1. What do you reckon, is Ile358 in a helix (DSSP H, G or I), surrounded by fewer than 23 Cβ atoms within 10 Å (Cβ to Cβ), in contact with a strand residue (DSSP E or B) (Cβ under 8 Å, 6 or more places away or on another chain) and hydrophobic (A, V, I, L, M, F, W, C)?
2. Would you mention how many residues in the range 232-253 are over 16 Å from Thr216 (Cα atoms) and modelled with pLDDT under 95?
3. Determine whether Gly310 is buried (at least 23 other Cβ atoms within 10 Å of the Cβ) and of a type outside the set (Val, Ile, Thr).
4. What are the residues in the range 119-161 that are closer than 20 Å to Gly276 by Cβ and free of Cβ contacts under 8 Å to residues at least 24 places away in the same chain, if any?
5. For residues that are among the charged types (D, E, K, R) and free of Cβ contacts under 8 Å to residues at least 60 places away in the same chain, scanning just the range 102-111, find the one that is nearest to Gly289 (Cα to Cα).
6. Can you find even one residue in the range 85-101 that is within 17 Å of Ala291 (Cβ to Cβ), assigned to a loop (DSSP other than H, G, I, E, B) and not assigned by TED's automatic domain parsing to the domain that holds Phe287?
7. Of the residues that sit in the range 101-137 and are among the polar types (S, T, N, Q) and modelled with pLDDT of 95 or more, which one is farthest from Glu309 (Cα to Cα)?
8. Does the range 423-431 contain at least one residue that is aliphatic (A, V, I, L, M), at pLDDT below 90, under 25 Å from the mean Cα position of the chain (by Cα) and buried (at least 21 other Cβ atoms within 10 Å of the Cβ)?
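The values are calculated or read from the model by the stated rules, or taken from the named source; none is laboratory data. Bear in mind the structure is a predicted one, so any value in this text is a computation, not a measurement. All Cβ positions, glycine included, derive from the backbone under ideal geometry; neighbour counts span all protein chains shown.
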Amino acid sequence: MDSLAEKILPTVQPVLATARPNADVLETIVSRPDRDAVIAALLSGGDSRTVVDGGTGANKYLCPPHPRHDLACFASCTASPIGDRGFERATQVFADISEAASPRLRAERLARHESVIKAGLVEHFSVAGLADAVLCPSGTDALLTAALLLAAGRPEQKITAILPCAAETGTGVPLAVACRRFDGPELGAAVSDVTIETVEIPLRTEHGEPRTEDATSDAFAAAAAAATGRPVIYLTHGTKTGLIAPAHPPAGADVIVDACQARISPATVAAYIARGWPVVLTGSKFFGGPAFSGAVLVPRARRSKTAAEGATLGTVMRGAASMAVIEAFRPRAAEMAALLRDRAATVARGLASLPHAIPVGGLRPRGPQWADLPSIFTFAVRDPAQPGRLLSAAELRPIYQRLAQAGVLLGQPVGLGPFGGLRIAVGARDLVDAPDSLGVSAMFDALRGALEG
């Protein structure tokens, strides 16, 4: 019998802008064919991270490609399954484009939806008239785009990219900022003639605690002073564990802001843009859009050097899904600090109740607004057999997977120097859609079982 993918691909193919969707995922979908077509289009134009395993029905981050109401998701620091609001918006976009009568009209409608998303991002982050938005398939793609943009300014110069260590940013980030392919069979291949050396700065001590802001800023400044090429600082405003580094970039260096977590206020984004610094964002972390949707906010002073092609259908649909959450969050942003403080207190009490869990330092509160407060809570786990030892990131992965099997998604394990950590993340969807009940009790019950099992 023909697979479900083979049955629906003829319907989907005319409106897919680039890559064929992952056939395996469609074997796991048992809903209406039109819904399958939306899912196929939503996944298109991505990379290996959007591939859905035919056995589990989820991608490598354990996220299904459609809403799942039986999952308790605290994984917005990694990736979240698409929610109802986002899926509805993506479906509307797909329907509008697919119903057009000709390829030309479909292309025009795709471009119109892309423009709407770009305008929405510029408006939300308060940079109208200051920056233009470029949509990208993912945050890592957006970092690659920003790196290419900066390299295009002076292509003859060697560059030294200085950034936080990959454990705090992502395994593909060092390759992306070096203008190299970070996924697929050509992993590591150069996508530009520019020569870029990378220097990674550790953000934690040998004991796994965050280094002081001054120590981190000094380390970036020393790396810039020693650089053999033009130094480009990647100011990461929200690492995997919520840190901001460097707080004070060295004077005179070019800066690209990695705000892929999107745990950042519009005022801060506007301040970065005003300094001429491109800002890289995603809608798939804090805002809980589907994996993955990235964007670069490019200062207008640099726009003449930007030669971005139009976004693909999958990128536009994922971006539209993310914008649906941003639009719901934006009018309620002022009340989110109080909700977030309440969530933080609840998480702290829950972690204190787990005998094997050890909270690990992250972002310290920096002000009264929601973006000034921690929303990622990292914890290490004691080895039950050797209580004086903390489990590594590799040893935490089976716990992470057991929790997913129990219906609880956490942020995937990260390396914290000599040990690893799991992460509980609070995202915009948690705050907007479930202000009174996050399922925290159920999450800690599952955690207790996983740690004791």
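1. Details: in a helix (DSSP H, G or I): no; surrounded by fewer than 23 Cβ atoms within 10 Å (Cβ to Cβ): yes; in contact with a strand residue (DSSP E or B) (Cβ under 8 Å, 6 or more places away or on another chain): yes; hydrophobic (A, V, I, L, M, F, W, C): yes.
No; evaluated as a whole, the condition is false for this residue.
2. 1
3. Details: buried (at least 23 other Cβ atoms within 10 Å of the Cβ): no; of a type outside the set (Val, Ile, Thr): yes.
For Gly310, the condition - buried (at least 23 other Cβ atoms within 10 Å of the Cβ) and of a type outside the set (Val, Ile, Thr) - is not met.
4. Ala128
5. Within the range 102-111, the first condition is being among the charged types (D, E, K, R), and the residues that meet it are 104, 106, 108-109.
Filter once more, so that each one left must be free of Cβ contacts under 8 Å to residues at least 60 places away in the same chain: 104, 108-109.
Working: Arg104: 28, Glu108: 24, Arg109: 21 Å.
Among residues in the range 102-111 that are among the charged types (D, E, K, R) and free of Cβ contacts under 8 Å to residues at least 60 places away in the same chain, the one nearest to Gly289 (Cα to Cα) is Arg109.
6. no
7. As a first pass, look at the range 101-137 and keep what is among the polar types (S, T, N, Q): 102, 115, 126.
Still in the list and also modelled with pLDDT of 95 or more: 115, 126.
On the way: Ser115: 13, Ser126: 24 Å.
Result: Ser126.
8. Start the filter on the range 423-431 by keeping residues that are aliphatic (A, V, I, L, M), which leaves 424-426, 428, 431.
Remaining after also requiring at pLDDT below 90: none.
No, the conditions are met nowhere in the range 423-431.
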